[in-house]
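Below: one structure, written as structure tokens.
FYI, it's all coordinate maths here, none of it is from the lab. Being a predicted model, the structure only gives us computed values, none of them experimental. Cβ placement follows ideal geometry from the backbone for every residue including glycine, while neighbour counts extend to all protein chains displayed.
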Amino acid sequence: MSAAGIILALTVIVSAIGLYSRKVIELAVLRPYAVARGSGYATLITSGFVHADLAHLLFNLITFYSFGFPLERRIGTAAFVALYFIGLLISHIGTVIKHRDEPNYASLGASGAILAVLFAAIVYFPRTRLFILPLPIPIPAPLFALVYLGFSYYSSSRSAAGLARDRINHDAHIFGALAGLAFVLLTDPRQYQLLFHEILG
């Protein structure tokens, strides 16, 4: 089985258990306040394998399935595993830094890691087009990347200002996406030349 397949299976199994066991969620969830004060370091990883509800899980699984397997075939298993867990850690460390003084803040889900995979895949497969409901037409992947980052930044700013409470960790999305872009830049910078050639040429 591929690394993407193992990650997918583990996420499904642990998340399914968590959906029926509040205790599992409580053990796995990331609490930045605690981590910033020296406890719960394991939750930087474990929180990426549990989800708040079925819709949250399904959205992440569909995205990961669509992009994770072709990306692993392209960059190799070792690089793919490194990308996934670097994206997971960076997105959660960024969350800890931003919310370290909020005792009641908690976060869970694989979104940061999956955004790292998605944005790295966009660099490698820039001709990919994505369907975003309810829009009836596919969107070019590079355009989606720019719009998504802009939307996440806007939403994060609204949440920080107390203007929105959608329970979505937009900061993890931003950190994960940037981690994916940075990973490709550091490990395969030539791919960016090919990306710009695709976009401009």
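Quickly estimate the mean residue ellipticity at 222 nm for the chain, helices only: each DSSP H run with n ≥ 4 gives -39500 (n - 2.57), and the total goes over all residues, rounded to 500.
Values: 10 runs with 142 residues, N = 201.
After summing the helix terms and dividing by residue count, I get -23000 deg cm²/dmol.
The Stokes-Einstein estimate for the chain, based on a Kirkwood radius over Cα pairs and taken at 10 °C with 1.306 mPa s viscosity, is a diffusion coefficient of 92 µm²/s. For the pair SER21 and LEU54, label points projected 7 Å from Cα toward Cβ lie 2.0 nm apart.
Provide the convex hull volume over Cα atoms per residue for the range 75-133, in Å³. Don't skip to the answer; put the middle values down first.
Numbers: hull volume 6.4 nm³, N = 59.
In the range 75-133, the Cα hull volume divided by residue count equals 108 Å³.
Fewest to most neighbouring Cβ within 10 Å: what's the order for VAL24, VAL117?
VAL24, VAL117
Trypsin sites (Lys or Arg not before Pro), restricted to the range 14-114: which are DSSP loop and have at most 13 other Cβ atoms within 10 Å? Walk me through the numbers on the way to the answer.
On the way: sites: ARG22, LYS23, ARG37, ARG73, ARG74, LYS98, ARG100; in loops: ARG37, ARG100.
In loop regions of the range 14-114 (DSSP not H, G, I, E or B), the sparsely surrounded trypsin sites (Lys or Arg not before Pro) are ARG37.
Please build a GNM for the chain, connecting alpha carbons under 10 Å apart, and tell me which residue among GLY48, GLY94, GLY68 fluctuates the most. Among GLY48, GLY94, GLY68, the largest GNM mean-square fluctuation belongs to GLY94. Each of the peptides 170-176, 41-47 was scored by the mean count of other Cβ atoms within 10 Å over its residues; in descending order, highest first, they stand as 170-176, 41-47.
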